[in-house]
Structures are given as C-alpha cells and as structure tokens.
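The values are calculated or read from the model by the stated rules, or taken from the named source; none is laboratory data. Given the structure is predicted, the values throughout are model-derived calculations rather than measurements. In this analysis, Cβ positions are derived from the backbone assuming ideal geometry, glycine residues included, and neighbour counts consider all displayed protein chains. Surface areas here come from the heavy atoms of the whole protein model, side chains and all, with no ligands, DNA or RNA. Shrake-Rupley method; radii C 1.70, N 1.55, O 1.52, S 1.80 Å.
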Amino acid sequence: MPEGPSLVILREEAARFEGQEIMTAEGDTAAFEPAELLGQPILSLRTFGKQFIVELPDMAFRVHFMLFGSYRIDERKDRPPRMALGMQDGGELNFYGCSIKLVDTDLDSVYDWSGDVMSDQWSARKALKKLRAAPATLACDALLDQTIFAGVGNIVKNEVLFRIKVHPLSPVGALPPAKLRELVTEARQYCFDFLAWKKAFVLRQNWLAHKKVICPRCNIKFTKAHLGTANRRSFFCESCQKRYPR
C-alpha cells in the first residue's frame with residue numbers, strides 16, 4: 001500500500017496537469033461516469049494521507065490505492081486501468097487496482113489537514129491529544145490509525161518503533177511523556193526521510209527493521225509477527241525495543 005510520501009511524489013509528478021482540461025476519460029469505476037469529467041479543468045491535485053484527490057469545478061474525487069494499487073503517468077500497464085485521464089498536452093494519468101470515490105467539493109470540510117503527517121498544517125499537539133485520549137491503544141495500531149497519523153503505513157510503523165526503541169505491543173498510555181512525544185516527532189520525521197530516500201531510489205537500503213532478519217543494534221534475530229487489531233506484519237527486536245509497562 002503506498003504510504004503518504006509516495007502520494008506526495010505522485011502529486012509532484014502530476015503537478016503539470018493542474019489547470020489543464022480533461023480531454024478523454026475512461027474506466028470501470030462505479031463512483032461516476034467517466035464522461036462527466038470531460039472538458040473539466042483540474043483545479044488542484046492534493047493528497048491527504050494515503051489519498052490522492054482530484055479537484056474539478058463541479059466535483060472532486062479521491063483515489064485510494066488499497067494494498068496493491070499503482071499509477072502511471074504518460075504510459076500504461078498491459079491491463080486496463082481503473083481510471084485513465086487524457087490531458088490537453090497529450091499526457092495521461094492512469095490509475096490501477098485502486099478505489100475511486102466522490103468527495104464533497106468543500107475539501108476543507110472533508111479533510112482535517114492537520115492530521116496529515118506530510119502536510120504543512122500538521123499538528124503534533126493534536127496527535128498527542130488523540131493518543132492520550134486512547135491510552136489502551138497499542139503502539140503498532142496507533143501509528144497506523146489514519147485519524148491520528150494520516151499517511152503512515154506499515155513500513156513507517158516498523159521503522160519508527162525501531163528508531164525510538166519501543167515494542168509494538170506497548171500501550172500508548174504506558175509510554176513516558178517524553179517517549180510519547182518522540183513517537184509523534186519520529187512519525188513525521190521518518191516520513192520525510194522516506195520521501196527523500198524514495199526520490200533517490202535508496203529507500204530499501206535504509207530500512208533498519210522492516211523485512212529485516214537481524215537487529216543491527218543487538219545482532220540477534222528480529223521477531224516477525226502479525227500484531228494489533230490491524231493484524232499487520234511487525235518486525236521488532238525483543239532486546240532493544242522496550243515493552244511498556246516494564
């Protein structure tokens with residue numbers, strides 16, 4: 001599943017389409033008829049967490065890439081896209097394996113931009129308040145909660161918990177205040193590291209925990225398990241990642 005930083009890259013790569021009219025549209029989405037898009041200029045392309053948002057004068061829709069979704073700009077895969085948009089300059093924006101839904105055109109009423117870890121409006125204070133209001137939530141679930149950390153996915157979760165030396169099964173209410181603040185700070189910081197590494201094509205080389213076998217700090221085997229209510233894969237060290245309370 002593409003995480004927030006990957007969606008920022010899509011937004012940057014597609015930025016030239018802002019202001020252009022949609023000349024062709026095809027796809028099999030049930031959200032609307034592709035013909036409704038024809039002739040409409042793209043007012044903005046935005047992201048919120050793991051959602052890519054296309055704003056038009058008469059409508060707006062969001063693209064969620066689910067677990068295996070992808071996109072192509074100015075090229076196509078060897079299978080039909082879920083949605084294919086042809087632009088004035090001859091370019092194409094194609095989406096695959098994704099969910100497409102209409103959203104209210106008043107985007108500010110739909111999205112709390114302060115909850116997006118990649119947004120200039122991100123609020124660490126609000127994230128801390130939400131965490132403190134749910135003390136029983138496990139650290140591995142808290143980081144994947146899109147109402148708190150919109151844009152954080154499983155890679156970021158595993159890497160952040162390893163960075164701050166917190167066991168994924170620690171309830172957030174058991175974390176010392178400084179450690180809780182560190183979790184919030186590193187969640188945002190790692191997303192920007194992720195963005196820089198992905199642009200440089202070195203993201204995987206910089207993973208310390210995700211999909212790794214040996215802990216680089218302790219030189220012992222990582223534990224791999226599906227944890228939390230999200231049941232997502234976690235890679236963690238039983239030695240250096242402290243399980244709170246303890």
Less than 17 Å apart at the alpha-carbon level, and either on another chain or at least 8 residues along: which aspartates and glutamates does that give for Lys212?
Glu159, Glu238
Cut-off under 5 Å, modelled amide H: who pairs with Val166 long-range
Lys242
Tail beyond 18 Å, pair distance distribution of region 150-246 (Cα, percent):
45 percent
Write down the percent of antiparallel bridges among all DSSP beta bridges whose residues are both part of the chain, to the nearest 5.
95 percent
Before rounding to the nearest 500, sum -39500 (n - 2.57) across all DSSP H runs of length at least 4 in the chain and divide by the residue total; then give [θ] at 222 nm in deg cm²/dmol.
-7500 deg cm²/dmol
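When only DSSP loop residues count, what GluC sites (Glu not before Pro) in region 50-96 have their Cβ near at most 15 other Cβ atoms within 10 Å?
Sites meeting the loop and neighbour criteria: Glu75.
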Antiparallel DSSP beta bridges within region 32-163, percent to nearest 5:
95 percent
Whole-Hz couplings from phi, Karplus 6.51/-1.76/1.60, listed for region 110-124; x for Gly and Pro:
8, 10, 9, 4, 5, x, 8, 5, 9, 7, 5, 8, 3, 10, 5
Scan region 146-246 for chymotrypsin sites (Phe, Trp or Tyr not before Pro) in coil per DSSP, keeping those whose Cβ has at most 11 other Cβ atoms within 10 Å, and list them by number.
Phe201
So what's the Cα pair-distance distribution over region 1-113, bin width 10 Å, in %?
14, 52, 32, 2
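Restricting attention to region 7-84, which chymotrypsin sites (Phe, Trp or Tyr not before Pro) occupy a DSSP loop and are surrounded by at most 16 other Cβ atoms within 10 Å?
Phe32, Phe68
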By accessible area with a 1.4 Å probe, ligands and nucleic acids excluded, highest first: order of Thr24, Thr47:
Thr24, Thr47
Percentage of interatomic Cα-Cα distances in the chain larger than 35 Å
21 percent
Normalised by the number of residues in region 87-246, what is the relative contact order in percent for Cα pairs under 8 Å and 6+ residues apart?
23 percent
Residues of type lysines that Lys101 reaches as a straight line, Cα spacing below 24 Å, ignoring anything fewer than 8 places off in the same chain:
Lys50, Lys77
Among Met87, Met118, Met59, whose mean-square fluctuation peaks in a Gaussian network model of the chain (Cα, cutoff 10 Å)?
Met59
Projecting each Cα onto the charge dipole of region 118-207 (Lys/Arg +1, Asp/Glu -1 at the beta carbon, about the Cα centre), which of Val184, Asn154, Leu144 comes out farthest on the positive side?
Val184
Angle, helix 4-13 long axis vs. longest principal axis of the chain, Cα atoms, 0 to 90°, nearest 10?
30 degrees
